[in-house]
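Report on the structure given below.
Every number here is computed from the coordinates shown, using simple stated rules; none is lab data. All values reported here derive from a predicted model rather than from experimental measurement. Neighbour counts run over all protein chains shown; Cβ positions are idealised from the backbone, glycine included.
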Amino acid sequence: DGLPLLAGADAAGPLVARLLASPDDDERAAIRTALVALPGEQTNANLAAEMEKASDDVAVLLLDVLAQRGATDQRERIESMATLHDGAVRVAAVRALEALGNKDSVAKLLTLLKQPADEEEREAIEAALGKICRRIDDPAKRTAPLLAAIDTQDAELYASLLRILGHVGGKDAIDAIRTATKDKREP
């Protein structure tokens, strides 16, 4: 019976409701495409509000939609999803932050990196931190939070930080990696 003929921010709620009701994968894909294409920051706010009350599978989809929309205005809500949820929702929120996060997101992600639930979550956090740090304009500030966290006795965290530093690059990162070759911790 087709998608509702709606436009603008008001379409987000009905489209999400239709998404929930549709068992058809093609229709769900079309709805997802429509959600990405809806104009405006108010649409971002409406989608984030729907995300916060949605089931995990719909929240995962809406996090991806917000990332594709470039919804930096919803960064704090997405950070909240990463810290308050676990499993697929946390991984989806971290992946959204990979696209939308800024220097203020780094501390939250470093906290999550200290106790990831599994390897998928660890890899998502490492990827997000690497991309976010590379986007920081000042080269000295790109590695600063990573280097501040590297003085840890947790071997897995240490190894993660070294991998991230390798992706971020720069003189300070190279120096830290060189120092790590003499470290006795088992990464």
Helix-derived mean residue ellipticity, 222 nm - over the chain, DSSP H n ≥ 4, -39500 (n - 2.57), to 500: -23000 deg cm²/dmol
Helix by helix through the chain, keep the DSSP H runs that span 15 Å or more along the axis on Cα and average at least 0.0 on Kyte-Doolittle, and give those back in order. 56-69, 87-100, 103-113, 139-149, 155-168
Would you work out the relative contact order for the chain, in percent, from Cα pairs under 8 angstrom that are 6 or more residues apart? 13
For Lys171 and Leu20 in the same chain, what is the full-extension length gain: residue separation times 0.36 nm, less their Cα-Cα distance, in nm? 49.4 nm
Positive-end extreme of charge dipole, the chain - chosen from Gly70, Gly169, Gly130 (charges on Cβ): Gly169
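For Glu27 and Ala49, compute 0.36 nm times the residue count separating them, minus their Cα-Cα distance, and round to one decimal in nm. Mind dumping the intermediate values first?
Numbers: separation 22, 0.36 × 22 = 7.92 nm, distance 2.22 nm.
Value of the extension gain: 5.7 nm.
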As straight-line cross-link partners of Lys141, the qualifying lysines (C-alpha separation under 27 Å, not fewer than 8 residues apart within one chain) are Lys103, Lys108, Lys114, Lys131, Lys171, Lys182
For Ala117 and Glu76, calculate 0.36 nm times their separation in residues minus their Cα-Cα distance, and state this gained length in nm to one decimal. 12.6 nm
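What FRET efficiency comes out for the pair Asp56/Asp10, r = Cβ-Cβ distance, R0 = 25 Å, nearest 0.05?
Numbers: r = 25 Å, r/R0 = 1.02.
So the FRET efficiency works out to roughly 0.45.
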Dividing the mean separation of Cα pairs under 8 Å (6+ apart) by the residue count of region 126-173 yields a relative contact order in percent of 47
From zero up to wherever the largest Cα-Cα distance of region 85-166 sits, split into 10 Å bins and tell me the percent of pairs in each. 19, 57, 23, 1
About the Cα centre of the chain, what is the dipole size in debye to 20, counting +1 per Lys and Arg Cβ and -1 per Asp and Glu Cβ, all else neutral? 860
What nm value, rounded to one decimal, do you get for the distance between Ala144 and Lys184 when each label is placed 7 Å out toward the C-beta? 3.3
With Cβ to Cβ distances under 14 Å as the rule, what net charge do the other residues near Glu120 carry (K, R +1; D, E -1)? -4
Please work out the C-alpha center-to-center distance from region 52-77 to region 156-187 and express it in whole Å. 32
Debye intensity ratio I(q)/I(0), log10, region 1-122, q values 0.13 Å⁻¹ (C-alpha model): -0.49
